[in-house]
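Notes follow the structure.
Read-outs: derived from the displayed coordinates by stated rules, not from any lab. Being a predicted model, the structure only gives us computed values, none of them experimental. Backbone-built Cβ (ideal geometry, glycine too); neighbour counts: all protein chains shown.
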């Protein structure tokens, strides 16, 4: 073990450390009392894991897990032209989202490059909440403010207005039901409604990033500890455990969900990432990136770029982001995310590979793991899909 | 966490047992295992390999990272722990016991290995 290795790798994230003091969530003292290993994530000091990340992962798949996601960036958009602004600023048809529903979407540059992937909740006819990745929240806020010129709409930085607690896993509906009168059975996937949980006002959303059923609860920071403790108590008998960002990453990877900075970047369009379905050319009016994205779509027909695929290891060595994918003695792609999969019991990865090697079952594909070519099976994403 | 008194420690977070018939056992400390998280893959030197103090002789992979394994002493590897190769979680569950990594016939020992108390202070700092 090298000291530098420990210092570098144990942090669990490859983003540069911020030069300023890390930001702390409202649950910081609670995490420390639970013995969490903390990590810098996009300038926030966040729980990486509390105990074994594999146990935390398995708890979410089979029982339930509790996450502090307060680093996520909330931006509120209000006003008579809130819908029109978001239709212009984002690639999705946000005006068509019903009140009480949510939409997965993206914000792109004029050249079609992805600035961030987002979940947008329509809270009222003229009020939306945009949730951005922590690492991109400022970029998204700046872009929305800039793009709001000429619209009768207000863009408000609400990053400090919310703590975000997620309860994920098959036991999560039962746990939440014991703490709220809200109609959870009527709350569909990608829906959100205001309610009261454990006496605390909350926006209750049926969303997540784990591949399981689950909820995300947006509350005022001063209510976060109270809500966390109530959820912990309600989940005591059914195996709820606190979960860190490490298992969140392996859960989303198994579920084939992209992570900005890995599968998504400004160098890629939504079409490059295999997520062209989020781009709605049919919506009314212009939107930022329309022309470039139209060209990207047309180019797909004759110039197939690299394709995002799943890889499953035949051996036990773990592929990491940036490792080369090889076949026939040539580099044919690059790993974007990789980890040991607790559910499959094998290392898995997402990778962009040349289209000729992207078909599931393509033989002779390997990953260059520090000089050694390890055999990998090409599979369709996701690796894991829950039984409904 | 407590570091066994009878072991000596490197600043790279390996431990070394006292020699029995000139052969010492090597592992990583509980502090290192905790910092790594769940270990999922262990690559060890082979029996007969010569290892050199302070140089890499294998690697440890956990969920989030891969780290080089450094030998705390120089000598010839006499045995490797096949149990830990088959079940790397032993490194986490019993770093000072069942999670040992390899045995080495010590040819030369660096002068700067730490006592348990020195290592405890070092790893807390």
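Here is how the numbers come out for the structure above:
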{"quantity": "MRE, 222 nm, helices only [DSSP H, n ≥ 4, -39500 (n - 2.57), over chain A, to nearest 500]", "calculated": "-6000 deg cm²/dmol"}
{"quantity": "Projected area averaged over orientations for the stretch A:242-388, convex hull of C-alpha atoms, nm²", "calculated": "11.1 nm²"}
{"quantity": "Least to most buried among B:57, A:247 (fewest other Cβ within 10 Å first)", "calculated": "B:57, A:247"}
{"quantity": "Overall form of the stretch A:138-242 per C-alpha gyration tensor (a/c, 1.5; a/b vs b/c)", "calculated": "prolate"}
{"quantity": "Beta bridge orientation in the stretch A:306-388: antiparallel %, DSSP, nearest 5", "calculated": "100 percent"}
{"quantity": "Residue A:138-residue B:86 pseudo-label distance in nm [points 7 Å out on the Cα-to-Cβ vector]", "calculated": "5.3 nm"}
{"quantity": "Beta bridges by DSSP in the protein assembly as shown, antiparallel share as percent, to the nearest 5", "calculated": "95 percent"}
{"quantity": "Shielding by partners - mean other protein chain Cβ count within 10 Å, residues of B:36-46", "calculated": "5"}
{"quantity": "Prolate/oblate/rounded label for chain A (Cα gyration tensor, a/c 1.5)", "calculated": "oblate"}
{"quantity": "Alpha-carbon spread of the stretch A:88-191, three principal axes, descending order, Å", "calculated": "46, 28, 25"}
{"quantity": "Averaged over A:333-340, number of beta-carbon atoms from partner chains that fall within 10 Å", "calculated": "2"}
{"quantity": "Helix-only mean residue ellipticity at 222 nm for chain B, each DSSP H run of n ≥ 4 adding -39500 (n - 2.57), per residue, nearest 500", "calculated": "-4500 deg cm²/dmol"}
{"quantity": "Other protein chain Cβ atoms within 10 Å, averaged over every residue that makes up A:181-187", "calculated": "0"}
{"quantity": "Global form of the stretch A:306-388, assessed from the alpha-carbon gyration tensor, a/c cut-off 1.5", "calculated": "oblate"}
{"quantity": "Packing-based ranking, highest mean first, of B:104-112, A:24-32, A:370-378 given that Cβ atoms within 10 Å are counted", "calculated": "A:24-32, A:370-378, B:104-112"}
